[in-house]
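Asks: Quick one: the structure is below, questions incoming.
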Amino acid sequence: MIIDLHAHNPMPALMNQHPFWGPFREVEDEDGKVWPLRIGDWTIHLSTPEKEAALKAGVVEAPEEIFAKRADPAVRIEQMDKAGIDKMVLSITSHCYMYQTEPEWALEYARLYNDESAKYTAPFSDRLYFWAHAPLQDPQAAVGELERAVTQLGAKGLNMGGANFGGLEADSPELYPVWEKACELDVPLWVHGYNQSLNWGERAKDERYEITAIVGMMYDESSLFWNMVCGGVLDQFPELKVIVTHGGGFTPFQLGRFENTNEVLATAKNKKPVREYLSNFWFDPLVHDVPMRRAIIDLIGADQLVYGTNFGGADGTREDLLAPLDMPDEDREKIHSGNAVKLLKL
């Protein structure tokens, strides 16, 4: 069995909710080129191999047709069957966390996302699940929405970015009530960097090569690990479970550097060595070079790895991440599904 924890779901009902923040789809720029998404001043400049092939072949679906398919969970199930994926946990498109927006509207948007996700997954409740979204720039509101999404709607945990939650960071005491609630509910945090953590507003207009998507997401995810460890968050909340996608950002590759620096870091609050906190973290093997994928598995170990493909994303994988790797069947099963079954109580 394969359980994919990394699959975004840009539902049509989430579009055009705010006059400035949107999100807006199929936006034409001053050069007449159409891009798939705009949030405030920021526009994503990514496409997909399927869309580019269709454009070259002269076969282009209308935006309404594309979104109609996304609105149908049966289509997602067909895609999963084709890819050999048995179960999937859906998350909000990471560009749409809205941590930079007005807290009141951000809460409305989170509630809409969670309600729509519950409706979307309901017809296939044995195969489709979702991560809750919450307005972390308003921690008290986030606590209430996380509890509602988990206890009333069936969310499997909290989807969040890795840095800059409206000016807060993972070690900010203001966010402690959110971590406390996650521990109380016994659900994991699912961490995915987001495109506007580094650049938004006027700076967002200057992005040409998606640096906050390609480099910034890795920065976000690594920052969360570093801030939680050095900030003593995991000493305060030793039961907190944190899943970090994209191979854990830079963390596995720079773990020795983190460890050495932490030992001489005068401001560090952690009570244990860095590596002892790895038991609080799970990473996925979603890196695109097989030797690097193997290195993550060798370094982190099968017990702390889960499966995720960025299903349907522009840089998502379209094959079994573990297929090229030699490993015991027991370890393969843990990463494919076993660890996720335990974490999410499936």
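Asks: Output the number of the condition that residue 223 fails; it satisfies all remaining conditions of (1) surrounded by fewer than 19 Cβ atoms within 10 Å (Cβ to Cβ); (2) outside any loop (DSSP other than H, G, I, E, B).
Replies: The failed condition is (1).
Asks: Condition test on residue 234, is it assigned to a loop (DSSP other than H, G, I, E, B), in contact (Cβ under 8 Å) with a residue 12 or more places away in the chain and either on the phi < 0 side of the Ramachandran plot or crowded, with 17+ Cβ neighbours inside 10 Å (or both)?
Replies: Here the answer is no, as residue 234 does not meet what is asked.
Asks: What are the pairs, 6+ residues apart or on separate chains, where a residue within the stretch 284-308 that is assigned to a loop (DSSP other than H, G, I, E, B) and surrounded by 21 or more Cβ atoms within 10 Å (Cβ to Cβ) has its Cβ under 7 Å from a residue that is modelled with pLDDT of 95 or more and acidic (Asp, Glu)?
Replies: Close Cβ pairs (under 7 Å, with a partner that is modelled with pLDDT of 95 or more and acidic (Asp, Glu)) amount to 306/284; 307/4; 307/284; 308/4; 308/284.
Asks: I've got another one for you. What is the one condition in (1) outside any loop (DSSP other than H, G, I, E, B); (2) under 19 Å from residue 191 (Cβ atoms); (3) not charged (D, E, K, R) that residue 336 does not satisfy?
Replies: (2)
Asks: Output the residue which, of all residues in the stretch 247-283 that are without any contact (Cβ under 8 Å) to a residue 12 or more places away in the chain and hydrophobic (A, V, I, L, M, F, W, C), is farthest from residue 309 (Cα to Cα).
Replies: Ranking the qualifying residues of the stretch 247-283, first place goes to 266.
Asks: Take the stretch 309-332 and flag every residue that is charged (D, E, K, R) and either buried (at least 16 other Cβ atoms within 10 Å of the Cβ) or assigned to a loop (DSSP other than H, G, I, E, B) (or both).
Replies: Within the stretch 309-332, 315, 318, 319, 320, 326, 331, 332 qualify.
The values are calculated or read from the model by the stated rules, or taken from the named source; none is laboratory data. Worth saying up front: this structure is predicted, and the values here are computed from it rather than measured. Glycine also receives a Cβ, built like all others from the backbone with ideal geometry; neighbour counts cover every protein chain displayed.
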